[in-house]
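**Student:** Structure provided below as structure tokens; questions to follow.
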Amino acid sequence: MTARFLHTAKQYFNVTNTASIPSWSRFEVGAARYATNLFGRSTTFRTSVINVTNKAYWATAASGQGYITQGAPRTVLFSTTN
């Protein structure tokens, strides 16, 4: 199992530093990993969740560019490796 907590402070996104987005926090977990033998090959399945609390937030502010990027909603990822 893995976990990650991210926090970003308030960011300004214009040249004069008068427009800003608030600080935000996000929590991620890698919930499961399962290793098995599939069709004669070692195979690992993984699951993880980004933005566990599904909090809406502005992810980035381009300083001096005047634009912001919306953060991703709760996202569940599945992967397989062999």
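**Student:** For segment 5-51: of the residues being exposed (fewer than 11 other Cβ atoms within 10 Å of the Cβ) and of a type in the set (Lys, Arg), which is farthest from Thr75 (Cα to Cα)?
**Tutor:** The selected residue is Arg41.
**Student:** To continue, here is another question. Of everything in segment 21-31 that's in contact (Cβ under 8 Å) with a residue 24 or more places away in the chain and either outside any strand (DSSP E or B) or of a type in the set (Gly, Ala, Ser) (or both), which residue is farthest from Tyr57 (Cα to Cα)? Give the derivation first.
**Tutor:** The initial filter retains those residues of segment 21-31 that are in contact (Cβ under 8 Å) with a residue 24 or more places away in the chain, namely 21-22, 24-31.
Cutting the leftovers down to either outside any strand (DSSP E or B) or of a type in the set (Gly, Ala, Ser) (or both) gives us 22, 25, 30-31.
On the way: Pro22: 8, Ser25: 8, Gly30: 21, Ala31: 23 Å.
Filtering segment 21-31 for residues that are in contact (Cβ under 8 Å) with a residue 24 or more places away in the chain and either outside any strand (DSSP E or B) or of a type in the set (Gly, Ala, Ser) (or both), the one farthest from Tyr57 (Cα to Cα) comes out as Ala31.
**Student:** Does segment 1-20 hold any residues that are more than 11 Å from Ile68 (Cβ to Cβ), in a strand (DSSP E or B) and of a type outside the set (Lys, Arg), and which are they? Give the steps one after another, and end with the answer.
**Tutor:** Our first condition is that a residue be more than 11 Å from Ile68 (Cβ to Cβ); within segment 1-20, this holds for 1-10, 15-18.
Narrowing the set further to residues that are in a strand (DSSP E or B) leaves 2-8.
Once the filter is applied, which keeps residues that are more than 11 Å from Ile68 (Cβ to Cβ), in a strand (DSSP E or B) and of a type outside the set (Lys, Arg), segment 1-20 yields Thr2, Ala3, Phe5, Leu6, His7, Thr8.
**Student:** Moving to a separate point now. Return the pairs, sorted by first residue and then second, in which the second residue is among the hydroxyl-bearing types (Ser, Thr, Tyr) and surrounded by fewer than 12 Cβ atoms within 10 Å (Cβ to Cβ), the first residue lies in segment 66-82 and is in contact (Cβ under 8 Å) with a residue 24 or more places away in the chain and farther than 20 Å from Thr43 by Cβ, the beta carbons are less than 9 Å apart, and the residues are 6+ apart or on different chains.
**Tutor:** Within 9 Å, the pairs are Arg74/Thr53.
Any read-out appearing in this document is the output of simple, stated calculations on the displayed coordinates, not a laboratory observation. In this text, all values refer to a predicted model and were calculated from it rather than measured experimentally. Cβ: placed from backbone, ideal geometry, glycine included. Neighbour counts: every protein chain shown.
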